[in-house]
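To start, the structure itself, in structure tokens.
What follows is calculated from the coordinates using simple rules that are stated; it is not laboratory data. Being a predicted model, the structure only gives us computed values, none of them experimental. Neighbour counts are summed over all protein chains in view; Cβ atoms, including those assigned to glycine, are modelled from backbone coordinates with ideal geometry.
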């Protein structure tokens, strides 16, 4: 695949320690002992992806899944008219493609590196064999799948029931919680990608940013956004409407 380099994840002790630390921080491997992490690390294969390189395509066989160890990855769908709808943006420690792998199905969407990224690939059968010997991992997997289901439910609600200002407010609050920063956030993706994630177009998103700035909800400085009125943002996220 163009733009991809593959290497064994245990080439050096430094790489092993770094990879293991990221795995330990992933919800999928949470609570596993160092010896258990070593077992899973041995079957993993580090893969480097250039910026914008495809990771898998919708319809590809789910022969394994990935964990992001560096960079950002977007999972998206393309409409018949060629319009992109971003479903999720994943960063370090987050698994990608685990649902179709364990269901024995094909990938239902596309995945692409947003930035230069490194992922750890786990072949399906090797991983399933290790799960059989580590029941606690199966419980972690159930927790991850439940979390993904909740994320999809929230996204469907946002896209179908809320207007764009409400979707943006919800996303900014989500970033604030994820980045543990109640007053300021940094967008991890471009505004064009954010528009796709929110189910709108860049021009509409730009107008919403301007309105929210004028009404002193936020202050935008490039990728840095100050949350000037968090209470108003939370109300906007709930109602989905911005006053004229």
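Data table
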item: Full-stretch length increase - residue 52, residue 215 - with 0.36 nm per residue and alpha-carbon distance subtracted; result: 55.1 nm
item: The range 63-103: C-alpha gyration tensor shape, a/c 1.5 cut-off, then a/b vs b/c; result: oblate
item: The range 162-239 - percent relative contact order, Cα under 8 Å, separation 6 or more; result: 41
item: Overall form of the range 162-239 per C-alpha gyration tensor (a/c, 1.5; a/b vs b/c); result: rounded
item: Mean Cβ neighbour count within 10 Å, used as a protection proxy, ranking 123-133, 75-85 highest first; result: 123-133, 75-85
item: Three-way shape call for the range 45-115 based on the alpha-carbon gyration tensor, with the a/c threshold at 1.5; result: oblate
item: Relative packing of peptides 187-197, 61-71 - highest average C-beta neighbours within 10 Å first; result: 61-71, 187-197
